[in-house]
Amino acid sequence: MRMKRMILMAVMSMLVGLLAAQDIYVYSVIGQAERQENGKWVILQKRNPLKMEDVVRVSDNSALSIIDRKAEKIYSISQTNGKKVSELIANYKGKQTYASNFVSHASKALFNGGSDRISNDAAGCTYRGDIVENDIAKSLIAKAKGTSMNNFNNATTDYQVSFEILDRKTKQPLGSEVAIDSQAIFRITNNSDVPLYINILDINQQNEKYVCLPIDDATTMSHLLIPANCTIDLVSYPIEFAEPKGVDNLMLIATEIPYDLRQVKKYLEKVDASNTATSNYPIGVYSKKINVK
């Protein structure tokens with residue numbers, strides 16, 4: 001009996017060791033990513049465990065983000081035709097600059113299910129205050145240089161970012177005019193050398209502001225993490241153009257750490273373009289006007 005007990009304890013110890021050794025997981029998937037299993041390609045989903053020797057591929061205009069819980073690193077990967085996880089991590093190592101407190105927060109959110117709830121009514125940020133959002137708003141005001149946000153100069157951006165608006169069904173780029181009730185998706189291009197978290201602010205002619213892309217409950221923004229030097233289609237988050245008619249300015253805002261655009265919006269609504277608030281906080285900005293008819 002004692003021998004059986006010792007063997008059972010040894011087996012349990014081995015199982016605990018194996019579980020503890022699992023550090024790498026899928027953090028997010030935009031579009032489609034797959035892992036090779038027994039000669040077949042299997043779709044990857046959030047929370048799937050990964051091994052260093054696993055071969056994965058990421059489809060065109062898609063992204064895969066991997067979290068290493070032990071090393072407290074997140075790697076954001078663009079299109080690839082099939083590489084080992086170890087090779088991908090080696091290629092992307094050093095490009096991420098997330099603070100350890102955020103990675104710890106993201107890791108917890110990944111396994112408590114909170115970040116799965118994505119809604120424009122999501123709860124506020126839980127791991128820090130709104131200092132970053134205020135700095136982003138102040139940086140926008142500083143870059144506007146006393147002019148209206150509807151006349152923003154894209155040359156003031158700190159990161160080279162841009163977007164196109166595509167018809168939801170045909171995936172063809174829309175022109176400068178769209179019809180009421182038409183649906184579209186955003187195609188985001190990040191031409192900078194670092195991954196960026198993005199969202200888009202809609203400012204209409206009445207100066208009313210709307211957040212275009214949803215935010216998750218845990219405010220990790222993992223679903224809006226765009227790898228460096230790539231183009232991503234946000235097919236899971238379509239928009240619909242609604243009243244009032246008129247010329248809207250859609251403004252893409254990108255940063256190296258996740259942010260809550262709703263908090264940025266609140267700050268902007270308190271001030272006007274003549275405000276003297278300034279900040280050197282680096283942000284990527286790209287605005288595009290569209291006539292809603």
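The values are calculated or read from the model by the stated rules, or taken from the named source; none is laboratory data. Because the structure is a prediction, the values reported are computed rather than measured. Here the Cβ is made from the backbone with ideal geometry for all residues, glycine too, and neighbour counts use every protein chain on show.
Output the residue which, of all residues in region 103-158 that are modelled with pLDDT of 80 or more and among the charged types (D, E, K, R), is surrounded by the fewest Cβ atoms within 10 Å (Cβ to Cβ).
If we take residues in region 103-158 being modelled with pLDDT of 80 or more and among the charged types (D, E, K, R), then LYS145 is surrounded by the fewest Cβ atoms within 10 Å (Cβ to Cβ).
I'd like to check something: does region 183-203 contain any residue that is among the basic types (Lys, Arg) and farther than 30 Å from ILE66 by Cβ?
Within region 183-203, not a single residue is among the basic types (Lys, Arg) and farther than 30 Å from ILE66 by Cβ.
Name the residue, out of VAL29, VAL55, that is under 18 Å from ASN229 (Cα atoms) and either of a type outside the set (A, V, I, L, M) or free of Cβ contacts under 8 Å to residues at least 40 places away in the same chain (or both).
Only one candidate qualifies: VAL29.
Quick one: which residue in LYS288, LYS270, LYS266 is in the same structural domain as VAL178 (by TED's automatic domain parsing) and touching a strand residue (DSSP E or B) at 6+ places or on another chain (Cβ under 7 Å)?
On inspection, the qualifying residue turns out to be LYS288.
Yes or no, residue by residue, for (1) at positive phi; (2) of a type in the set (A, V, I, L, M); (3) not assigned by TED's automatic domain parsing to the domain that holds LEU234:
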{"position": "ASP54", "(1), (2), (3)": "no, no, yes"}
{"position": "VAL58", "(1), (2), (3)": "no, yes, yes"}
{"position": "SER65", "(1), (2), (3)": "no, no, yes"}
{"position": "ARG69", "(1), (2), (3)": "no, no, yes"}
{"position": "GLU72", "(1), (2), (3)": "yes, no, yes"}
{"position": "GLN79", "(1), (2), (3)": "no, no, yes"}
{"position": "VAL85", "(1), (2), (3)": "no, yes, yes"}
{"position": "TYR92", "(1), (2), (3)": "no, no, yes"}
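Under the condition of being under 9 Å from the mean Cα position of the chain (by Cα) and crowded, with 23+ Cβ neighbours inside 10 Å, which residue from region 196-220 is farthest from VAL247 (Cα to Cα)?
Within region 196-220, the match that is farthest from VAL247 (Cα to Cα) is THR220.
Can you go through ASP181, ASP135 and tell me which one is in a helix (DSSP H, G or I) and in contact (Cβ under 8 Å) with a residue 24 or more places away in the chain?
After ruling out the rest, the residue left standing is ASP135.
Can you pull out the residues in region 149-166 that are outside any strand (DSSP E or B) and among the acidic types (Asp, Glu)?
ASP158
Go through (1) outside any strand (DSSP E or B); (2) crowded, with 19+ Cβ neighbours inside 10 Å for TYR237 and report which single condition fails.
The number of the failed condition is (2).
Given the conditions (1) outside any loop (DSSP other than H, G, I, E, B); (2) of a type in the set (S, T, N, Q); (3) more than 22 Å from VAL103 (Cα to Cα), which single one is not true for GLN263?
(3)
Just to be sure I understand, how many residues within region 199-220 are aliphatic (A, V, I, L, M), assigned to a loop (DSSP other than H, G, I, E, B) and modelled with pLDDT of 90 or more?
1
If you check LYS245, LYS265, LYS270, which single one turns out to be surrounded by fewer than 20 Cβ atoms within 10 Å (Cβ to Cβ) and free of Cβ contacts under 8 Å to residues at least 12 places away in the same chain?
From the options LYS245, LYS265, LYS270, the qualifying one is LYS270.
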